[in-house]
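Scroll down for the structure; my scribbles are underneath it.
The values are calculated or read from the model by the stated rules, or taken from the named source; none is laboratory data. Since the structure is predicted, the reported quantities are computational estimates derived from the model, not experimental observations. All Cβ positions, glycine included, derive from the backbone under ideal geometry; neighbour counts span all protein chains shown.
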Amino acid sequence: LPYSMHMAGPREAIQHMMIRKNYGCTHFIIGRDMAGSKSSVTGDDFYGAYEAQDLAKEMSERLGVKTVPNLNLVYSEESGYVTADEADEKN
């Protein structure tokens, strides 16, 4: 689609959902920290890692687009593919 990321956080994720709906999409894959950005001074994130996924899930029914959260997967020889959160818990 003719639109680029502007790193404007969760509300930008909603804007992307609306644009894609206008192009006929019924589902929206949304990753961890979608459209997130960091402070140029401290390096801290402006938004939480899952804020965009949470807002998209909340707005999904109203917008008529189903969200598909992209889980942050990692691979380990002991467990195979697991979510990053599961891998952190095991270490």
Suppose we filter region 56-65 for residues that are surrounded by 14 or more Cβ atoms within 10 Å (Cβ to Cβ) and either over 13 Å from Ile29 (Cα atoms) or not aliphatic (A, V, I, L, M) (or both); how many remain? 4
Just to be sure I understand the filter: pairs with C-beta atoms under 8 Å, separated by 6 or more residues or on different chains, first member in region 43-63 and closer than 15 Å to Gly9 by Cα, second member aromatic (Phe, Trp, Tyr). Which pairs pass? Ala56/Phe28
Would you confirm, using the coordinates I've provided, whether Glu78 is more than 10 Å from the chain's Cα centre (by Cα), part of a loop (DSSP other than H, G, I, E, B) and surrounded by fewer than 12 Cβ atoms within 10 Å (Cβ to Cβ)? yes
In the list Tyr3, Tyr23, which residue meets the criterion of being exposed (fewer than 13 other Cβ atoms within 10 Å of the Cβ) and at pLDDT 90 or above? Tyr23
Does Ala8 satisfy the criteria of being touching a Gly at 6+ places or on another chain (Cβ under 9 Å) and outside any helix (DSSP H, G or I)? no
What pairs come up if the first residue lies in region 6-22 and is closer than 13 Å to Phe46 by Cα, the second is surrounded by fewer than 18 Cβ atoms within 10 Å (Cβ to Cβ) and not β-branched (Val, Ile, Thr), and their beta carbons are under 7 Å apart, counting only those six or more places apart or on different chains? Met7/Ser37; Gly9/Phe46
Residue check, Phe28 modelled with pLDDT of 90 or more and either within 24 Å of Asp85 (Cα to Cα) or under 11 Å from the mean Cα position of the chain (by Cα) (or both): yes
